[in-house]
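Here's the structure we're looking at; comments come further down.
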Amino acid sequence: MQLRIYLYLFTWLWSPTGFPRQPFVEGSAGAYNRAMDVGEMIVQRCRMKKRSILIAGLLAGAWTWGILGSARAAEGGRTFFVSSTAGADSADGRTPQSPWRSLEKVNAAELQPGDRVLFQRGGRWRGTLIPRSGGAGAPITYGAYGEGTRPLLRGSVSRNDPCDWHQEVGDIWATAAPAAIDLGLPGNLAVSSWSVHTEGGAQVRTTVTPGAGETPAFLQLECTAGGDRTNHIQLIASRLALKEGDGYVLGFRVRCTRPFAIPQLALMKPTSPWTRYGDGGSHPIDVGTGWSEHQVRFRAARTAGDGRITVFLGGALPSGSVFSFQPVSWTWLPRDASAELAVDVGNLIFDDGRAVGVKKWQPEDLRQDGDYWYSGDTWQVKLYSQGNPAQHYRSIELALRRHIIDQGNKSHVVYESLALHGGAAHGIGGGNAHHIVVRDCDVAWIGGGHQHTTPAGRPVRFGNGIEFWDSAHDNLVEGCRIWEVYDAALTNQGSANNTQADITYRDNVIWNCEYSFEYWNRGPESTTRNIRFERNTCVNAGGGWGHGQRPDRNGRHLMFYVNSARTTDFHVVGNIFCNATDSGLRVENDWTAGLTQDYNCWWQPRGTLMLFLRKAFLPAQFAAFQQQTHLDAHSVVADPGFLNTADLDFRLASHSPAHTLTSDSAPTGSGKRLER
């Protein structure tokens, strides 16, 4: 890192034009922006001859590099190699000749600040990468080694073999259902073993009603105060033995004197940091006044002897109600291919994107080729197909509702030269992530998973390419390619009271996503500051796989939903926004006093160009938009003049009006040359 900085210093000292446009920076976006501000001030104010300080600068840099390089080596700075074809998890991973093999081995590794994990180019892995946090000045890096294409991390499972599908009836084909072993009701799940935890002012009184005749015993919770958040009332069973990859089904009966919905159940660690031990239980469960029976499936993500099931009731259980809970059964589903489908399947991707499935919410809605339904009860996908689907398509990828990189509460991490494909949640997601760098990565075919169902009964799907959620700060995304995303390619957003600060997105190329960039932040005490969306090229918003399946078609390059946070120093500068199905910009409420939006090239040959506070502006009304909003004063509406749009070459042709649009006369948009 330091060596590259001194090479950068050399360029500045020798060049008559000052700082190069895209320096290599490893660290926070905020630090980068502050450094560049100081650097530009030096360029403007210094009048000394550059070459007179060249030798001294390089000597000092070399000396510093030697000292810091030795210190970094002394601190650790180990490198581990991972190969999906030649590796072994029993190896030490320290050389390309002795690499690790699996993503599970990487996730379990006790990494130290400064370490690097390098995946072999051309390799492929499935699952979720859970990074480790580095330290200030010593991030943990996940990158690539060798020759070939970027290492591919898939958030999907394949069902390419005709044996993966069986015909149920007519043109309905299904994946295999898991084998089930009934374990009865173990003692640690019996009524007397469940306990209740309350916090946040919630109050309940718990009693056990003994069994009578054929009616088993059940637990009653008399609620006098329900709390505000789901964790304020927790019904808990502990000491469960779990095996990684296996599935488990909890059967139970419930009723309540006042109807409500249980927000979620979780299979989790019984102590801080309260992390999840597996997937499942994320969908609300309706509870009526009469007994109803339910089954919730979990899939263990790790082997543990201290598993805990938590039924979250806070903020939902009505005050003054009596809730009855009766555990019935515990079923073991040994690991097999069907257990991979323990979470929602948000998309079916055929032949690497030649076609996609159309998600339906009831099996009776499967009426034409490509329609599919995911059964959370049996962990199966059922697909309408005229003949075995694996004989129609070369590859069938089932995208799972998981982040491909789950970085919640992680910090000081670098992802470089990776490819993330086929996850039905976020490509990179997680809250409270800071000092994160995402550089030169591909993110594609993301989203579509079931997020929740509204009180009116409408299912809501979700999935962003790269999302920074709640209290994110000092993050940088640069030089990435992002395409075919259900929601936003890039976004920082949050709810409750939080601060989002010092986040930069630059030099990225985005196409065929519902939104290129989405922002909102809420909560009366929330703040947002120093967000920079600069020199990105954004093409065909709303042109992706999910647009036609959305109930709320909303293709926009800039999607600014209701934002109640105190927002300052928010920059959208020097970008290209070309073609959108609905509009280039949508602003729901006026927080633009903190927004600098300028020097952009907009191109919308037909339809609405801007939607500002529900008022539409056509391309011919751009001057009126500028006058009324005080945005985009130096921007233009013009065809950006790409070299070859059909071949995804979004660089600018010589005649492009975007060549000298920005205040520093540098080209607008990204300068990346894309490969197919």
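Tabulated values for the structure
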{"read-out": "Subset of segment 566-613 (residues that are of a type in the set (Phe, Trp, Tyr), closer than 24 Å to Asn521 by Cα and open to solvent by 10 Å² or more (accessible area, probe 1.4 Å))", "value": "Trp591, Phe612"}
{"read-out": "Test: residue in segment 202-213 that is more than 17 Å from Ser321 (Cβ to Cβ), in contact with a Pro (Cβ under 9 Å, 6 or more places away or on another chain) and open to solvent by 40 Å² or more (accessible area, probe 1.4 Å)", "value": "no"}
{"read-out": "Tyr384 open to solvent by 30 Å² or more (accessible area, probe 1.4 Å) and aromatic (Phe, Trp, Tyr)", "value": "yes"}
{"read-out": "Check on Thr453, of a type in the set (S, T, N, Q) and modelled with pLDDT under 95", "value": "yes"}
{"read-out": "Per-region count, segment 372-381, residues assigned to a strand (DSSP E or B) and surrounded by fewer than 18 Cβ atoms within 10 Å (Cβ to Cβ)", "value": "1"}
{"read-out": "Close pairs (6 angstrom Cβ cut-off, 6 or more residues apart or separate chains): closer than 28 Å to Thr668 by Cα in segment 539-565, open to solvent by 20 Å² or more (accessible area, probe 1.4 Å) and hydroxyl-bearing (Ser, Thr, Tyr) anywhere", "value": "Gly542/Thr581; Gly555/Thr581"}
{"read-out": "Residue in segment 359-371 that is under 24 Å from the mean Cα position of the chain (by Cα), touching a residue at least 24 places away in the same chain (Cβ under 8 Å) and loosely packed, with under 15 Cβ neighbours inside 10 Å present", "value": "yes"}
{"read-out": "Residue match in segment 214-226 (condition: touching a helix residue (DSSP H, G or I) at 6+ places or on another chain (Cβ under 7 Å), outside any loop (DSSP other than H, G, I, E, B) and surrounded by fewer than 14 Cβ atoms within 10 Å (Cβ to Cβ))", "value": "no"}
{"read-out": "Odd one out for Asn563 among (1) open to solvent by less than 10 Å² (accessible area, probe 1.4 Å); (2) touching a Gly at 6+ places or on another chain (Cβ under 9 Å); (3) under 21 Å from His630 (Cβ atoms)", "value": "(2)"}
{"read-out": "Residue check for Gly134: open to solvent by 20 Å² or more (accessible area, probe 1.4 Å) and either modelled with pLDDT of 95 or more or in contact with a His (Cβ under 7 Å, 6 or more places away or on another chain) (or both)", "value": "no"}
{"read-out": "The one condition in (1) among the basic types (Lys, Arg); (2) in a strand (DSSP E or B); (3) closer than 20 Å to Arg276 by Cβ that Arg461 fails to fulfil", "value": "(3)"}
{"read-out": "Failed item in (1) in a loop (DSSP other than H, G, I, E, B); (2) surrounded by fewer than 24 Cβ atoms within 10 Å (Cβ to Cβ), with Ala501 passing the rest", "value": "(1)"}
{"read-out": "Contacts under 7 angstrom Cβ, first residue in segment 621-645 being free of Cβ contacts under 8 Å to residues at least 60 places away in the same chain, partner surrounded by 15 or more Cβ atoms within 10 Å (Cβ to Cβ) and among the hydroxyl-bearing types (Ser, Thr, Tyr), 6 or more apart", "value": "Thr629/Thr592; Leu631/Thr592; His634/Tyr599; Ser635/Tyr599; Gly641/Ser656"}
{"read-out": "In segment 487-498, residue surrounded by the most Cβ atoms within 10 Å (Cβ to Cβ) [restricted to those that are among the polar types (S, T, N, Q) and part of a loop (DSSP other than H, G, I, E, B)]", "value": "Asn498"}
{"read-out": "Any chance Thr310 is touching a strand residue (DSSP E or B) at 6+ places or on another chain (Cβ under 8 Å), over 20 Å from Glu104 (Cβ atoms) and part of a strand (DSSP E or B)", "value": "yes"}
{"read-out": "Unique residue being on the phi > 0 side of the Ramachandran plot and crowded, with 23+ Cβ neighbours inside 10 Å when the list is Glu478, Glu467, Glu484", "value": "Glu484"}
{"read-out": "Selection status of Thr303, modelled with pLDDT under 95, under 30 Å from Thr209 (Cα atoms) and open to solvent by 10 Å² or more (accessible area, probe 1.4 Å)", "value": "no"}
{"read-out": "Matching residues, segment 513-549, being open to solvent by less than 30 Å² (accessible area, probe 1.4 Å) and acidic (Asp, Glu)", "value": "Glu514, Glu518"}
{"read-out": "One residue from Gly143, Gly114 being open to solvent by less than 20 Å² (accessible area, probe 1.4 Å) and in contact with a Phe, Trp or Tyr (Cβ under 8 Å, 6 or more places away or on another chain)", "value": "Gly143"}
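Yes or no, residue by residue, for (1) within 23 Å of Trp602 (Cβ to Cβ); (2) polar (S, T, N, Q):
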residue	(1), (2)
Thr454	no, yes
Glu467	no, no
Ala472	no, no
Asn492	yes, yes
Tyr519	yes, no
Pro524	no, no
Thr527	no, yes
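The values are calculated or read from the model by the stated rules, or taken from the named source; none is laboratory data. Predicted, not measured: the structure shown is a model, and the values here were computed from it. Neighbour counts are summed over all protein chains in view; Cβ atoms, including those assigned to glycine, are modelled from backbone coordinates with ideal geometry. Heads up: the accessible areas ignore ligands, DNA and RNA and are worked out on the full protein's heavy atoms, side chains in. Shrake-Rupley method; radii C 1.70, N 1.55, O 1.52, S 1.80 Å.
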